[in-house]
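Asker: Quick one: this structure, given as structure tokens, is what I'll be asking you about.
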Amino acid sequence: VTIWFCKTNQGRHTVDDPKKNGLFYQEVSSFVKEQVPEDQSVVVYTLPEQEGVEYPPQRLRTYLGPGDSGRVTFKSWGEAKGINSLRDIQYGTHIGLVYRESNELKTAIAAQKRDYRYEVDDKQRWETQLSEHVDQIYQGLSRLACRKTADGKAEHTEFLLFYPSDKIINELQRAMPGVVVKEYKPKYLKPIESPVFVAQRILEHLLTSGASAPLEDFFGKKSISSVRKELGLERHETDSDFWSKVIDAVKEGGVGIEKRSFVTM
């Protein structure tokens, strides 16, 4: 199972606004046309139909054209649970995710605490929203071909995920051990740079510039400043929160830090 991850905004303010969502529809259309084989179907999950807002399937069909529209199945996120009709489809993506209103989330959290005076902070609200999004994506993805397994291995499935935070990657990997996450480079949308994939570039660079052996078998040292220069990462200040997250992800990948150098061993 492969999740193609594109770190970008995808809330209702984006997908419901005809002045903003054109690039989003172009991106999904491009994925269907260029990354999904012509003989394969694809599921596109959408937000539930809302009065006064153009329904996503109608808009997307104008970008897909008659040839590709016929192989796209549209489902709202709420329809994902409890169905088995998508089990032969290997490809999927989405247009938006369901976000609950802030006050609704706070009320739900307070209700779980059984204390109507309980004060909910932004961190709790965000973590609750994230967990709900993980559940949405897990339910939608697990309806596809990967629900079929042979010898303990899920059938080939690829899903393009749009989301504004890297945190969802770790949560999905916990929910779906063994899932492969790859960076999706959009053609139309403006991506938000991801520390996780910057770290992945650094790890690959250390491997290819240092040795042909697997990273875990290679011992070497290379200055952080030279890697930053070679990969064009000098725009990120070394004392920034972004760079701190990059370093944490590099360490998780098996590379240590010694003074001002990356150390692989």
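The values are calculated or read from the model by the stated rules, or taken from the named source; none is laboratory data. These figures come from a predicted structure and were not determined experimentally. Ideal geometry is used to build each Cβ from the backbone, glycine not excepted, and the neighbour counts take in all protein chains shown. The accessibility values were calculated without ligands, DNA or RNA, using every heavy atom of the protein model including side chains. Shrake-Rupley method; radii C 1.70, N 1.55, O 1.52, S 1.80 Å.
Asker: Give, as a single signed number, the net charge of other residues whose beta carbon lies under 15 Å from the beta carbon of Leu86, with Lys and Arg counted +1 and Asp and Glu -1. Could you put the intermediate results ahead of the total?
Answerer: Details: positive: Arg71, Lys75, Lys81, Arg87, Arg143, Arg147, Lys148; negative: Glu79, Asp88, Glu155, Glu158.
Net charge around Leu86: +3.
Asker: With all protein chains present, how much of the accessible area of the range 116-205 (probe radius 1.4 Å) comes from carbon and sulfur, to the nearest whole percent? Intermediate values should be presented prior to the final figure.
Answerer: Details: 2320 of 4950 Å².
Roughly 47 percent, rounded to a whole number.
Asker: Also, quick follow-up: May I ask you to work out the translational diffusion coefficient for the range 17-62 at 10 °C, viscosity 1.306 mPa s, via Stokes-Einstein with Rh from the Kirkwood sum over Cα pairs, reported in whole µm²/s? Before the final figure, lay out the partial values.
Answerer: Values: Rh = 11.7 Å.
It comes out at roughly 135 µm²/s.
Asker: Please list, or write none, the lysines whose alpha carbon is within less than 16 Å of the alpha carbon of Lys7, excluding same-chain residues fewer than 8 places away.
Answerer: Lys167, Lys182, Lys185, Lys187, Lys190, Lys245
Asker: How much length, in nm to one decimal, is gained on full extension between Tyr188 and His156, taken as 0.36 nm per residue of separation minus their Cα-Cα distance?
Answerer: Residue separation times 0.36 nm, minus the Cα-Cα distance, leaves 8.8 nm.
Asker: Something else: Count charges around Ser261 for me, please; just the other residues with Cβ under 11 Å from its Cβ, Lys/Arg as +1, Asp/Glu as -1.
Answerer: Every neighbour counted, the sum reads +3.
Asker: Can you give the local net charge around Tyr184? Use residues other than it whose beta-carbon is closer than 15 angstrom to its beta-carbon, Lys and Arg +1, Asp and Glu -1.
Answerer: On the way: positive: Lys7, Lys33, Lys182, Lys185, Lys187, Lys190, Arg201; negative: Glu27, Glu34, Glu158, Asp166, Glu183, Glu193.
Residues near Tyr184 contribute +1 overall.
Asker: Using a 1.4 Å probe, what is the accessible area per residue for the range 123-238, in Å²? Don't skip to the answer; put the middle values down first.
Answerer: Values: 6320 Å² over 116 residues.
Per-residue value: 55 Å².
Asker: Tell me, rounded to the nearest percent, the portion of alpha carbon pairs in the range 219-261 spaced more than 14 Å apart. It would help to have the intermediate numbers written out before the result.
Answerer: Numbers: 458 of 903 pairs.
Beyond 14 Å sits 51 percent of the P(r) for the range 219-261.
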